[in-house]
Amino acid sequence: MAAALNPMLKRLFRAPAHLYRWGWGALLGRRFLLLIHTGRRTGQRRETVLEVMEYRPAGGEAIVMSAFGRRADWLQNLQADPDPEVVIGRRRFVAAYRILDAGEAASVVRGYEQRHRVIAPLMRAALSRLLGWRYRGSEQDRRRLVQQLPLIAFCPRPESPWH
C-alpha cells in the first residue's frame with residue numbers, strides 16, 4: 001500500500017512523526033502516540049507513530065491497531081524486546097503492553113467507528129484495502145478484522161511513573 005501512496009499523502013501521514021521529533025507532540029493530545037522501540041535485527045532505536053483508537057484515562061491505557069497485522073515491524077520488535085517507551089503528548093513512560101482478545105478488540109473498533117461517523121466511508125475503504133476483502137463495518141466484519149489486524153494496549157508499567 002505504501003508504494004501506491006502519492007507524495008502528498010506520504011507527507012501527510014508522516015506529519016505526526018515530525019511533530020514529535022520537533023518537540024511539538026503535545027499538539028496531538030491523546031490522538032497519536034510515539035512508540036520508541038529497539039529493532040530486533042539491528043538493535044537500533046526505532047520510532048513509530050500510531051493512532052490511538054481508544055484512550056482509557058483510569059489506567060492511562062492507549063489502544064492502537066497494527067494496520068499491517070502481526071508482521072508489522074514495530075510489533076515484532078516489541079515481542080523480541082518488550083521494553084518500549086511511549087510518548088503521548090508530553091507524557092513519556094516505559095510501557096507494558098498486551099494484545100486485546102477478539103471481543104474487546106471488536107468493541108474498541110465499534111466505539112471508534114461510532115465516534116468517527118463522518119469519516120466512516122473512508123475508513124471502511126482504507127480497511128478494505130489493507131485487509132484484502134470488503135469491510136462493511138458489521139459485527140461479523142469487526143471480528144474478522146481483529147483476527148487480521150490485532151489491537152494492542154499500552155499502559156505505564158507500575159515501576160515507571162509518568163515523567
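The values are calculated or read from the model by the stated rules, or taken from the named source; none is laboratory data. All values reported here derive from a predicted model rather than from experimental measurement. Counting neighbours? That spans all protein chains shown, and the Cβs are built from the backbone with ideal geometry, glycine included.
From the list Ala120, Ala106, the one residue that fits, being among the small types (Gly, Ala, Ser), surrounded by fewer than 16 Cβ atoms within 10 Å (Cβ to Cβ) and at negative phi, is Ala120. Screening Ser107 against (1) modelled with pLDDT of 95 or more; (2) touching a Leu at 6+ places or on another chain (Cβ under 7 Å) leaves a single unmet condition, (2).
Residues that are surrounded by fewer than 14 Cβ atoms within 10 Å (Cβ to Cβ) and among the charged types (D, E, K, R) were ranked within segment 37-50; the one that is farthest from Arg91 (Cα to Cα) is Arg41.
Each residue in segment 36-93 was checked for being part of a loop (DSSP other than H, G, I, E, B), in contact with a Lys or Arg (Cβ under 8 Å, 6 or more places away or on another chain) and free of Cβ contacts under 8 Å to residues at least 60 places away in the same chain, and 2 pass. Scanning segment 75-84 for residues that are surrounded by fewer than 19 Cβ atoms within 10 Å (Cβ to Cβ) and at pLDDT 95 or above turns up just one, Gln76.
Return yes or no: is Val94 surrounded by 13 or more Cβ atoms within 10 Å (Cβ to Cβ), within 20 Å of Tyr55 (Cα to Cα) and out of contact with any Ser or Thr (no Cβ under 7 Å at 6 or more places or on another chain)? Against the criterion (surrounded by 13 or more Cβ atoms within 10 Å (Cβ to Cβ), within 20 Å of Tyr55 (Cα to Cα) and out of contact with any Ser or Thr (no Cβ under 7 Å at 6 or more places or on another chain)), Val94 does not qualify.
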